[in-house]
Amino acid sequence: MGEKVFFGKGIRQIKMEDPELYESIENLDKNIWNAKVLDYRTQKLIAIAISATNNESSSFLKQVSKSKKELGISRDEMMDVLKVVLLTSGMIPFNHALEVVNKLYD
């Protein structure tokens, strides 16, 4: 697992203003990524699929870019993820996510 990165812009402020809340968020994050059955790579692919459905390209770009670099997620794996996005969330999120994947893998 790489360096801790929270994508919410307000988290930095929470860290300064409410260290106890920040610590709780950090502990929750550790517990989520420490699954008993699914490996970290599978969990990240699930997270990428969920991120793709939010139509927020910068967050999705960060997720895919980091996973590609740290975990070696392939374009074929990403396309499998996007097929699930297409089935469950429709053409608009699929197209937005596909644009990002094309930028990163082409």
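Summary of computed values
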item: Selection count, segment 2-23, where residues are exposed (fewer than 11 other Cβ atoms within 10 Å of the Cβ) and at pLDDT below 65; result: 4
item: Which numbered condition Ser51 misses (of (1) surrounded by fewer than 15 Cβ atoms within 10 Å (Cβ to Cβ); (2) free of Cβ contacts under 8 Å to residues at least 24 places away in the same chain); result: (1)
item: Residues (of a type outside the set (A, V, I, L, M, F, W, C), more than 25 Å from Ile73 (Cβ to Cβ) and in contact with a Phe, Trp or Tyr (Cβ under 7 Å, 6 or more places away or on another chain)) located in segment 13-46; result: Lys15
item: Helices (runs of 4 or more DSSP H) enclosed by the chain - at least 3 residues per element that are among the basic types (Lys, Arg); result: 57-71
item: Residue count, segment 69-106 (criterion: under 18 Å from Trp33 (Cβ atoms) and among the basic types (Lys, Arg)); result: 1
item: Scope segment 70-103; condition closer than 14 Å to Ile48 by Cα, surrounded by fewer than 15 Cβ atoms within 10 Å (Cβ to Cβ) and of a type in the set (A, V, I, L, M, F, W, C); matching residues; result: Met79
item: Top-ranked residue of segment 24-38 - restricted to ones that are under 30 Å from Asp80 (Cβ atoms) and surrounded by 10 or more Cβ atoms within 10 Å (Cβ to Cβ), ranked as modelled with the lowest pLDDT; result: Ala35
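The values are calculated or read from the model by the stated rules, or taken from the named source; none is laboratory data. All of these numbers come straight from a predicted model, not from anything done at the bench. Every residue, glycine as well, gets a Cβ built from its backbone with ideal geometry; the counts of neighbours run over all protein chains shown.
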